[in-house]
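Just below is one structure, and these are the notes that go with it.
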Amino acid sequence: MRNGRKIVDTDCHQMEPAAMWQEHIDPEFRDAAPCIKKVGGRNTMTVEGQSLVSEEKYPFSTPDFLAAMARGMQRFQRVLTAGYAPEARLEDMDEHGIDIQILFPTVGGQLLGREFENTDLLGACCRAFNNWSAEYASAAPDRLRWAAMLPAQDPTLAAEEIRRTAAKGCTAYYMRPNPVCERDLADEAYDPVFAAAAASNRPICFHDSGSPHIPSFGDRFPTHTTGHIVAHPFEAMSAMMSLIWGGIFERYPDLRVVHVEADAGWVPYWLQRMEQHYEFSGNAEHPNLKLAPTEYFKRNVWVAARGDERTLPAALDLVGDDKFLFDTDYPHPDGTFPWGMESLEKQPIPDESIRKIFWDNPATAFAL
């Protein structure tokens, strides 16, 4: 608790040990598990003989960018020294008044940024991460809430993993918003995934990750910085549109979706843009769209905001304060920990809205 308010940080990250994948994967896949190998003259995490990140698109490992990452990580000395042990993470949370973190993968997010030749191996990688993450969070299960990685390339496997990890106590599911196998999120192939998530009473969280092999809006730009600026919000916007206009929320009215690490200032514009088209053509091309886009948003969708977003007061004024959450991206160097909480507290918005963003809204979105 911080200044009398409970806080959920809805976008935090695991920092997976390199050996974790081989140690936790099903034995029959151990020789094929992700591991560090030399590719293109540098050591990198690989699977199926390919680096998890796509240096030939917008690069992840230029010297200037890696130096910036190293500088940014200096503020996380406690968890760095402890090898990201849960006890050190909890000390950081206690020091800054964080009650709950929602934990997403880091390397796992990159792993889902490529298509697998062997989808059974992909499923095994997701199970490995999820089993390890459940074990990690058991240090404080009420405070460390983990999101399960889903092998979206194979929706049948993904639906099975939803049911398996719900039984293990996950709080949410993690998917990338990018197209996979030339499918956008409205593709009927994903129906088993959305049906299983809705039945489990847990949200699907969409979270982009840099330099993927699968299509990304960042592909149009030559550096990680420019690609990252574009990819995260544009992929979130595209995903939200696909889910609404593709009729997913009409078919699965109980499905909850959370967009994280994409900021939130774009939400009023995006709702306006969709409403303009709905006013013009209604559901002429989208017969499964039975409600106005904003109605689906207000029923099914939440969006996480940084505490320092200057557009947040305007977003609250235009959309309301029920659909926004708070995140810091801990412990990634481009996030806002540890100053993000104070930044939100200083925003020119009502105290009641701050309380809802810190706690009430995520409690609803994640069924805490």
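Just so it is clear, none of the values below were taken in a lab; they were calculated from the coordinates. Fair warning: this is a prediction, and the values are worked out from it, not measured in the lab. Note that we place each Cβ from the backbone using ideal geometry, even for glycine, and neighbour counts take in every protein chain shown.
Modelled spin labels at ALA195 and ALA70, positioned 7 Å past Cα toward Cβ, are 5.2 nm from each other. A simple packing score, the average count of other Cβ atoms within 10 Å per residue, orders the peptides 190-198, 143-151 as 143-151, 190-198, with the highest score first.
With q set to 0.11, 0.13 Å⁻¹, the log10 of I(q)/I(0) for the chain, from the Debye formula over equal scatterers at the Cα positions, is -0.73, -1.06. Taking amide H positions as modeled 1.01 Å from N, with prolines and chain starts lacking one, the residues under 5 Å from GLU261 and 5 or more places away or on another chain are ALA304. Taking the helices alone, the chain has a mean residue ellipticity at 222 nm of -12000 deg cm²/dmol, built from -39,500 (n - 2.57) per DSSP H run of at least 4 residues and averaged over all its residues.
So if R0 is 45 Å, what FRET efficiency would LEU318 and THR156 give, r being the distance between their Cβ atoms, rounded to the nearest 0.05?
It comes to 0.65.
Annotation for ARG310 and ALA363: the two label points, set 7 Å from Cα along the Cα-Cβ direction, are 3.4 nm apart. Hydrodynamic estimate: the Kirkwood radius of segment 316-368 over Cα pairs, inserted into Stokes-Einstein at 4 °C and 1.567 mPa s, corresponds to D of 110 µm²/s.
Summary of packing: across the peptides 179-186, 300-307, the per-residue average of other C-beta atoms within 10 Å ranks them, highest first, as 300-307, 179-186. Residue order for THR336, THR364, fewest other beta carbons within 10 angstrom first, comes to THR364, THR336. If both residues of a DSSP beta bridge must be in the chain, then about 30% of such bridges are antiparallel. Size of segment 2-135: Rg and Dmax of its alpha carbons, in Å, are 16.8, 52.
Other residues whose C-beta falls under 15 angstrom from the C-beta of VAL260 contribute a net charge of -4, scoring Lys and Arg +1 and Asp and Glu -1. Given PRO333, TYR278, PRO34, which one lies farthest toward the positive end of the charge dipole of the chain, if we put +1 on the Cβ of every Lys and Arg and -1 on the Cβ of every Asp and Glu? Going by the Cα projections, it comes out as PRO333. Applying a DSSP loop filter and a limit of 11 other Cβ atoms within 10 Å to the GluC sites (Glu not before Pro) in segment 1-66 leaves GLU56.
Charge dipole (Cα centre; +1 on Lys/Arg Cβ, -1 on Asp/Glu Cβ; no other charges) of segment 56-214 amounts to roughly 340 debye. The charge dipole of the chain, taken about the Cα centre with unit charges on the Cβ atoms of Lys, Arg (+1) and Asp, Glu (-1), comes to about 380 debye, rounded to the nearest 20.
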